[in-house]
Amino acid sequence: MDIKPQFVTKRDAQELTGFSCETLKKWRLTGKLTEGIHWIRVGNSERVVRYNALLLIDFLQNYHDLSAHQRAIDAYLASLPSNQPRKSKARKTSGR
């Protein structure tokens, strides 16, 4: 499964989910939403965050089935370039 995250502002996340910015912030601070998965910090700022729109929607859809949401998280993490297997360089074989 190839998941392409779209990171959105808190206002966009509010519009997307119907939950207030304050509720989204509370979920971040209480750990319901995980940093690096559901949201990221932008630059060196502690205040500027972006939400992973796909996982935020999946979180809400599967709020009462966390194992289903965990499968979406696993698929997202597996799709990241940093988690792709390294391509091995073809070894030259000698003619012997």
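The values are calculated or read from the model by the stated rules, or taken from the named source; none is laboratory data. Just so we're clear, the structure is a prediction, and the values are computed from it rather than from any experiment. Cβ sites come from the backbone with ideal geometry, for glycine too, and all protein chains shown count toward neighbours. Quick note on the areas: whole protein, heavy atoms, side chains included, nothing else; ligands and nucleic acids left out. Shrake-Rupley method; radii C 1.70, N 1.55, O 1.52, S 1.80 Å.
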Legend entry - Of all residues making up the stretch 43-52, the number that are within 15 Å of R11 (Cα to Cα) and open to solvent by 40 Å² or more (accessible area, probe 1.4 Å): 3
Inset, instruction - Could you figure out which of (1) more than 14 Å from T9 (Cβ to Cβ); (2) of a type in the set (A, V, I, L, M, F, W, C); (3) surrounded by 12 or more Cβ atoms within 10 Å (Cβ to Cβ) isn't true of L80? - result: (3)
Inset, instruction - Collect the residues in the stretch 24-39 that are surrounded by 14 or more Cβ atoms within 10 Å (Cβ to Cβ) and over 18 Å from S79 (Cβ atoms), keeping them in residue-number order. - result: L24, K25, W27, R28, L33
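Conditions tested, residue by residue: (1) at pLDDT 85 or above; (2) open to solvent by 60 Å² or more (accessible area, probe 1.4 Å); (3) among the aliphatic types (A, V, I, L, M).
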site	(1), (2), (3)
D2	no, yes, no
P5	no, no, no
R41	yes, yes, no
L54	yes, yes, yes
Q61	yes, yes, no
K89	no, yes, no
